[in-house]
Number of protein chains: 2
Amino acid sequence: MAKDALPSAEGLERLVAALRVLPGVGPKSAQRMAYHLLQRDRAGADQLAMSLQHALRTVRHCAKCNNFTEDEICALCNSSRRDGSMLCVVETPADLAMVEQTLSFSGMYFVLMGRLSPLDGVGPRDIGLDRLLARATEGEVQEVILATNFTNEGEATAHYIAEMLRSRGVRVSRIARGVPLGGELEYVDAGTLSQALTERRAL
Amino acid sequence: MAKDALPSAEGLERLVAALRVLPGVGPKSAQRMAYHLLQRDRAGADQLAMSLQHALRTVRHCAKCNNFTEDEICALCNSSRRDGSMLCVVETPADLAMVEQTLSFSGMYFVLMGRLSPLDGVGPRDIGLDRLLARATEGEVQEVILATNFTNEGEATAHYIAEMLRSRGVRVSRIARGVPLGGELEYVDAGTLSQALTERRAL
């Protein structure tokens, strides 16, 4: 049978190709998603299309913290209850939400929306470090807390920002590494345990 | 910090919720997808929205085989090179494509677009068995080959269809089970090997 004998639906093929823009979605998943939407959830597919267009129209970045918002300045940055002397730097809005969930930080944020990754072509400007520098040195900020991930790229990003800010006389700190709460030494990886030993605290 | 102090972007939240219609996408993945689209690939997101709407507008089911198509009757069903006396029943368009790839079947298809699954509320009508029955008994079809999956649901579906068609005097067959090509007995699961023994062929 020639390939051209296969039933073709050009709209279906275009949808499968378009679904590949989603992170972590390969050809098989994209096909499965397209079948599911067209066969079982056309209302959901329509809703998804409208939500995409709505978000593209309305969602932008906060001029102060760089987080997603629909306003010029986001609600958190506008809040009078936050302490403007502390600036916590995180990689993503999800990280910001995690820090907020701890209820133990009342300062402001700067969201990098990524991390330094030279191999992927992500440099200092791509994660807004020029804007972070301006923000950290404009006067109100007393301390910048680096809360990037403890991955290689997150660590390199923290190191780069620390160097950049310290050379301008800004006080910089890094959130603590160590054995997690409830962690059993037997099941903690050697790297974490080694760090926990090196960065032990006097009691 | 009160929850309401969190920066909110309603359009972002709506997009995250809408992405949950995709099969296999939970809250974390949906959030990651939304961030990725809004931060790194707005052109791709726009393309996805348009492809969804285009597919919803143009893609429908072939009146003969039930596969996705943009026409009343799909190209395969319209082809004069196919043998109308053989009807192969598959669960999905992907399964149809796999059978086509073997180049060893030149008959027609019926795509169930699913399988019987009482627990999920999928009954005979939901997978078009009324239309399959009409198709199989309209005269031209000599044999119906059941090529549903060898899963519990696929087997139950094949069993149900076989009963339905046999009672109307239609010849029904099932694709063979057994040790796969290149399969080593040592690594084949016991169920498959047991089936291969039971369904052994005289040489």
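The values are calculated or read from the model by the stated rules, or taken from the named source; none is laboratory data. Nothing here was measured: the structure is a model prediction, and the numbers come from that model. So basically every Cβ, Gly included, is an ideal-geometry build from the backbone, and we count neighbours across all protein chains shown. Surface areas here come from the heavy atoms of the whole protein model, side chains and all, with no ligands, DNA or RNA. Shrake-Rupley method; radii C 1.70, N 1.55, O 1.52, S 1.80 Å.
Entry remark, region B:113-125: residues being in contact with a strand residue (DSSP E or B) (Cβ under 9 Å, 6 or more places away or on another chain) and surrounded by 15 or more Cβ atoms within 10 Å (Cβ to Cβ) number 4 in total. The set of residues in region B:52-90 being farther than 30 Å from A:Met50 by Cα, open to solvent by less than 40 Å² (accessible area, probe 1.4 Å) and either in contact (Cβ under 8 Å) with a residue 40 or more places away in the chain or at the interface with chain A (Cβ under 7 Å from one of its Cβ atoms) (or both) consists of B:Cys65, B:Leu76, B:Ser79, B:Gly84, B:Ser85, B:Leu87, B:Cys88, B:Val89, B:Val90. Only residues that are surrounded by 13 or more Cβ atoms within 10 Å (Cβ to Cβ) and either touching a residue at least 60 places away in the same chain (Cβ under 8 Å) or closer than 22 Å to A:Thr92 by Cα (or both) were counted in region A:138-170, giving 21. As a summary of the residue check, A:Arg32 satisfies the conditions (1) open to solvent by 40 Å² or more (accessible area, probe 1.4 Å); (2) at the interface with chain B (Cβ under 7 Å from one of its Cβ atoms); (3) in contact with a strand residue (DSSP E or B) (Cβ under 7 Å, 6 or more places away or on another chain) except for the one numbered (3). When A:Met108 is tested against the conditions (1) more than 7 Å from chain B (Cβ to nearest Cβ); (2) open to solvent by 30 Å² or more (accessible area, probe 1.4 Å), the lone failure is (2). Filtering region B:187-194 for residues that are among the hydroxyl-bearing types (Ser, Thr, Tyr) and either closer than 17 Å to B:Leu87 by Cα or in contact with an Asp or Glu (Cβ under 6 Å, 6 or more places away or on another chain) (or both) leaves an empty set.
Taking the stated definitions as given, is B:Ala18 without any contact (Cβ under 8 Å) to a residue 40 or more places away in the chain, open to solvent by less than 50 Å² (accessible area, probe 1.4 Å), at the interface with chain A (Cβ under 8 Å from one of its Cβ atoms) and closer than 18 Å to A:Glu10 by Cα? Spelling it out, it is not the case that B:Ala18 is without any contact (Cβ under 8 Å) to a residue 40 or more places away in the chain, open to solvent by less than 50 Å² (accessible area, probe 1.4 Å), at the interface with chain A (Cβ under 8 Å from one of its Cβ atoms) and closer than 18 Å to A:Glu10 by Cα.
Could you tell me whether A:Leu193 is open to solvent by 100 Å² or more (accessible area, probe 1.4 Å) and more than 15 Å from A:Ala147 (Cα to Cα)? Outline the logic, then answer.
Working: open to solvent by 100 Å² or more (accessible area, probe 1.4 Å): no; more than 15 Å from A:Ala147 (Cα to Cα): yes.
When the stated conditions are applied, A:Leu193 does not pass them.
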